[in-house]
């Protein structure tokens, strides 16, 4: 296991800062504590960086070759129309499809590109997306 790039304490502060900037309720935070832990770990390991404007940059553990993708940048906010467009072809009750649609809207990447992600990288995507769903 590699040495942490950022202390767990500092990583948790950054995640809390991001959640605060999104005005995420305590109830939603409690319901998604595992996803918060994924984000804290990703920051600590240097896979996720929170920029000053509260935008996450995700350095992929397994970059994609086609198209060449080494990182994903996630929007800080989504509009209702962006969400509606992303969810157009997702069937009712398809939770995995919904999360993938949110990741597409947040990163401006297609389902075809995101479908090539390693599961370890995708876990970080989902940990972010749940706070938009």
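The values are calculated or read from the model by the stated rules, or taken from the named source; none is laboratory data. Keep in mind that what you see is a predicted model, and the values were worked out from it rather than measured. Cβ atoms come from the backbone with ideal geometry, glycine included; neighbour counts cover every protein chain shown.
Of all residues in the stretch 1-28, those that are at negative phi and modelled with pLDDT of 95 or more have Cβ atoms under 6 Å from Cβ atoms of residues that are assigned to a loop (DSSP other than H, G, I, E, B) and surrounded by 14 or more Cβ atoms within 10 Å (Cβ to Cβ), 6 or more apart or on another chain, in 18/54; 21/54; 24/131.
A single entry from 105, 86, 42 fulfils the requirement of being modelled with pLDDT of 95 or more and over 13 Å from residue 123 (Cα atoms): 105. Please verify whether the stretch 81-89 includes one or more residues that are over 18 Å from the mean Cα position of the chain (by Cα) and within 16 Å of residue 129 (Cα to Cα). Checking the stretch 81-89: at least one residue is over 18 Å from the mean Cα position of the chain (by Cα) and within 16 Å of residue 129 (Cα to Cα).
Is at least one residue of the stretch 34-53 farther than 29 Å from residue 4 by Cα and in contact with a helix residue (DSSP H, G or I) (Cβ under 7 Å, 6 or more places away or on another chain)?
In the first step, residues of the stretch 34-53 are kept if they are farther than 29 Å from residue 4 by Cα; the result is none.
Taking every residue of the stretch 34-53 in turn, none turns out to be farther than 29 Å from residue 4 by Cα and in contact with a helix residue (DSSP H, G or I) (Cβ under 7 Å, 6 or more places away or on another chain).
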